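What follows is calculated from the coordinates using simple rules that are stated; it is not laboratory data. Everything quoted here is computed from the prediction, not taken from an experiment. A quick note on method: Cβ atoms are made from the backbone with ideal geometry, for glycine too, and the neighbour counts reach across all protein chains shown.
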Amino acid sequence: MSEPAVSEPRRTSPLIVAVHTVTFRQARQFVPLVIPVVAATGLGGGRTTVVALVVAVTLLSLGTAALSWWRFSYADGPASVVVTRGLLARSVRTVPNDRIRGVEVETPVLHRLFGLVRVRIDAAAGTVSGKEEELVVDGVSRAEGDRLRTAVLNHRQAAPVPGGVEDPAEEEFGRFDNRWLLYAPLVGSYLALPLAAVGALFRLAQELPESLRPDLNDAVLAGLRAVVVLVVGALVLLLVGSVVGAAIVNWGFRLVRRGGSLVAVRGLITRRHTELEIDRIRGATVAGASCGPRSPGWW
């Protein structure tokens with residue numbers, strides 16, 4: 001008798017309902033529908049209205065998170081991975097294992113508090129319908145996330161071996177170097193966070209009462225010194241922010257070859273564990289090679 005293509009459908013941990021309730025993940029798509037309803041009812045201001053809106057939005061988030069968890073399931077096997085989801089319209093996505101390019105296990109802060117991880121399965125172009133070329137299993141235990149990652153990459157269900165097995169030897173290609181942070185201001189993506197902070201500060205200044213706003217007609221602020229101080233302060237904020245952003249994203253970075261896989265681990269707040277099979281890598285791009293030491297070639 002041939003082995004089934006996939007195992008029995010599995011559910012994620014119910015604890016993910018709490019995470020999605022706090023982050024309003026599913027409820028965000030209903031906010032544009034709620035605003036016209038609230039405006040049409042003509043609710044007045046005041047503390048009671050604010051409390052009522054907060055309670056209503058929280059209950060909406062809880063309900064949609066619970067319904068989304070109940071309607072989500074996944075299954076893996078030696079042939080493919082199947083993810084079924086959808087609140088109103090059911091969506092079934094099937095990805096053959098031989099079309100999977102890699103697996104990433106993420107551990108955001110809230111997930112870490114509940115002992116959960118998020119597994120992203122990266123599929124080849126054209127394998128998964130829609131704009132996202134990946135399958136996401138959000139809210140499984142660390143052990144289940146590791147099992148799913150191993151099973152998908154090995155093209156078989158990973159069953160524990162009695163007595164255990166030795167981990168394959170690792171060959172390290174690179175690890176985080178504090179000197180890399182010096183080049184963070186040259187990377188545009190790391191400037192996004194400080195730019196957003198500068199924008200928020202300007203917005204806050206506009207919201208201040210007239211009595212607390214600085215008088216732009218004052219002789220001191222109108223002088224060249226004030227302009228220089230403002231520009232220098234903004235540049236320092238951008239530089240410091242880019243370094244902090246780079247440290248948060250790349251802290252603890254390690255790139256190793258473990259068996260037949262290439263494994264990258266990084267992240268301070270959100271920890272990411274990405275694993276790719278070397279046999280499926282068809283090329284590589286080196287950008288900014290002069291900004292740091294080169295790693296030995298492995299291909």
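From the phi of every residue in the stretch 269-275, what ³J(HN,Hα) in whole Hz does the Karplus formula 6.51 cos²θ - 1.76 cosθ + 1.60 yield, where θ is phi - 60° and glycine or proline is x?
The phi angles translate into 8, 9, 7, 10, 10, 10, 10 Hz.
Scan around S13 for amide H atoms under 5 Å from its own, H built in the peptide plane at 1.01 Å from N, and keep only partners 5 or more places away or cross-chain.
V140, S141
Amide H of L262 versus every other amide H placed in the peptide plane: which residues, excluding those fewer than 5 positions away on the same chain, fall under 5 Å?
Close amide H contacts, sequence-distant or interchain: L276, E277, I278.
Output wanted: per-residue J couplings in Hz (rounded whole) for the stretch 246-261, from phi through Karplus 6.51 cos²θ - 1.76 cosθ + 1.60, θ = phi - 60°, x for Gly and Pro.
Result, rounded to whole Hz: 5, 5, 5, 6, 9, 4, x, 5, 9, 10, 9, 9, 10, x, x, 10.
For D76, D177, what ranking results if the residue with the fewest other Cβ atoms within 10 Å of its Cβ goes first? All intermediate terms of the calculation are to be shown ahead of the outcome.
On the way: D76 25, D177 12.
Lowest to highest Cβ neighbour count: D177, D76.
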